[in-house]
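To start, the structure under review is shown below, and the notes come after it.
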Amino acid sequence: MGKVITVWGSPGSGKSMFCCILAKVLTRDKRKAIIINGEAGTPMLPIWLPEQIIETGASIGQVLSSVEIDTSLVASHVTVLKSYPFIGLMGYSAGENPLSYPETDFRMVLQLVSAASKLVDFVILDCSSSMTNVFTPAAIESGNLVIRILTPDLKGVNYLKAHQPLLADERFHYDRHMTFAGMARPFHAFDEMGYIIGGFDGLLPYSREVDRCATEGGMFHALKYCNAKYTAALNKVLEVLEQMDAATEQDTAEPAGDSTEFGEEFSDEQPE
C-alpha cells in the first residue's frame with residue numbers, strides 16, 4: 001500500500017503548486033505518485049496540462065459516480081505525464097462543474113483513495129479549501145500524513161479557526177497535521193501568526209519564478225525555482241515519511257505499490 005499524503009488549507013495558499021512540487025521530489029528515485037484533486041468548481045486537468053485536450057472520460061467525476069471503485073477503474077482514469085511517467089493525475093476535465101455529476105459520496109472518496117494507494121507508492125490528495133466538498137474531509141481522514149498550508153495573515157488564521165471545530169473528531173487526527181505558511185512574503189508577521197495558530201513547521205515563500213510556472217501552465221517545472229526555505233520545508237516532509245517507514249519497516253515485506261507500470265494499465269495516450 002502506498003502512503004497517502006493529504007494537503008489542505010486556506011484559499012490561495014499554494015496547495016496545488018506544493019502538491020506538484022512534492023510529487024516531483026518523491027518520484028526522483030522512480031517511485032510512482034498520483035495527485036488527485038476533487039474540486040469540480042476549478043477543474044485541475046486543464047490547469048496541470050493546459051496544452052492538452054483531455055476527454056471528459058478521463059475525469060475523476062466518472063470514477064466517483066461509479067457504483068464501485070477498484071484499481072482497474074482508477075488506473076484507466078489516470079492521466080500520465082508523458083515526459084515524466086512516474087506521476088499520474090486525476091481531476092475534473094475542462095468545462096465540467098459541480099453539477100456535471102451526482103453529488104459525491106464520502107464513501108466513494110474513501111474507495112478511490114484506497115484503490116489508488118494500491119497502484120503507486122504515494123497518493124497526494126490536493127484538497128479544496130471548502131469542507132462542504134466531501135473530498136476534503138474524506139482526504140483528511142484517509143491521510144497517513146496530513147499537511148495544512150495557510151497564508152500567514154488574518155485570512156489564513158481565521159480560516160483555520162473556522163474549520164478547526166469541523167475536524168474535532170479523532171479520525172481527522174488534527175493535532176498531528178504539519179503546518180506550513182504558504183505564499184509567505186517578507187512583510188508577513190510570521191511570529192505573530194504562528195503564535196496564534198500554534199506555530200509553523202516551515203515556510204513556503206512566494207517566488208516570482210514559481211508563480212510564473214503556475215500562470216504559464218508549467219506547474220511541474222517549478223521545483224527548480226524553489227528557494228532554500230521552500231526546500232527546507234520539503235525536506236521536513238521527507239524526514240517525516242522516512243520516520244514513518246522506519247516505524248513500520250517490519251510490516252513492509254511486500255512492496256508499497258503493485259507491479260503495474262503506468263504504461264501497462266494506466267492510460268498513456270494523454271501526453272504532457
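Selection of the stretch 147-173 for residues being touching a helix residue (DSSP H, G or I) at 6+ places or on another chain (Cβ under 6 Å) and under 24 Å from D121 (Cα atoms) yields I149, R171, F172. Total residues in the stretch 129-139 satisfying the condition of being open to solvent by 10 Å² or more (accessible area, probe 1.4 Å) and small (G, A, S): the figure is 2. A single member of L204, L234, L241 is surrounded by 14 or more Cβ atoms within 10 Å (Cβ to Cβ), within 17 Å of V25 (Cα to Cα), at pLDDT 95 or above and touching a strand residue (DSSP E or B) at 6+ places or on another chain (Cβ under 6 Å), and it is L204.
Of the residues making up the stretch 15-37, those that are open to solvent by 10 Å² or more (accessible area, probe 1.4 Å) and out of contact with any Gly (no Cβ under 7 Å at 6 or more places or on another chain) number 8. Which residue out of Y206, Y230, Y225 is over 22 Å from G156 (Cα atoms) and hydroxyl-bearing (S, T, Y)? Exactly one residue qualifies, and that residue is Y225. Could you please let me know if A115 is small (G, A, S), out of contact with any Pro (no Cβ under 8 Å at 6 or more places or on another chain), surrounded by fewer than 22 Cβ atoms within 10 Å (Cβ to Cβ) and more than 28 Å from L49 (Cβ to Cβ)? Spelling it out, it is not the case that A115 is small (G, A, S), out of contact with any Pro (no Cβ under 8 Å at 6 or more places or on another chain), surrounded by fewer than 22 Cβ atoms within 10 Å (Cβ to Cβ) and more than 28 Å from L49 (Cβ to Cβ).
Return a yes/no flag: does the stretch 118-126 have any residue that is exposed (fewer than 14 other Cβ atoms within 10 Å of the Cβ) and either within 26 Å of G156 (Cβ to Cβ) or not charged (D, E, K, R) (or both). Checked against the condition, which is being exposed (fewer than 14 other Cβ atoms within 10 Å of the Cβ) and either within 26 Å of G156 (Cβ to Cβ) or not charged (D, E, K, R) (or both), the stretch 118-126 yields no hits at all. Has the stretch 182-198 got any residue that is modelled with pLDDT of 95 or more, within 17 Å of the chain's Cα centre (by Cα), closer than 30 Å to Y84 by Cβ and not hydrophobic (A, V, I, L, M, F, W, C)? Yes, the stretch 182-198 has at least one match. Restricting the stretch 43-94 to residues that are among the aliphatic types (A, V, I, L, M) and open to solvent by 30 Å² or more (accessible area, probe 1.4 Å), the residue that is farthest from M108 (Cα to Cα) is I53. In the set (1) assigned to a helix (DSSP H, G or I); (2) open to solvent by 50 Å² or more (accessible area, probe 1.4 Å); (3) in contact with a strand residue (DSSP E or B) (Cβ under 9 Å, 6 or more places away or on another chain), G12 fails one condition alone, (1). Taking every residue in the stretch 92-109 that is of a type in the set (A, V, I, L, M) and pairing it with any residue that is modelled with pLDDT of 95 or more and open to solvent by 80 Å² or more (accessible area, probe 1.4 Å), at least 6 positions away or on another chain, yields no pair with a Cβ-Cβ distance below 6 Å. Restricting the first member to the stretch 213-225 and to residues that are surrounded by 15 or more Cβ atoms within 10 Å (Cβ to Cβ), and the second to residues that are among the aromatic types (F, W, Y), the beta-carbon pairs closer than 7 Å and six or more apart or on different chains are C213/Y225; M219/W48; F220/Y84.
The values are calculated or read from the model by the stated rules, or taken from the named source; none is laboratory data. From a predicted model like this one, the values you see are computed outputs, not experimental measurements. Here Cβ is always computed from backbone atoms with ideal geometry, including for glycine, and neighbour counts include all displayed protein chains. Ligands, DNA and RNA are stripped out before the accessible areas are found, and what is left, the full protein with its side chains, is counted by its heavy atoms. Shrake-Rupley method; radii C 1.70, N 1.55, O 1.52, S 1.80 Å.
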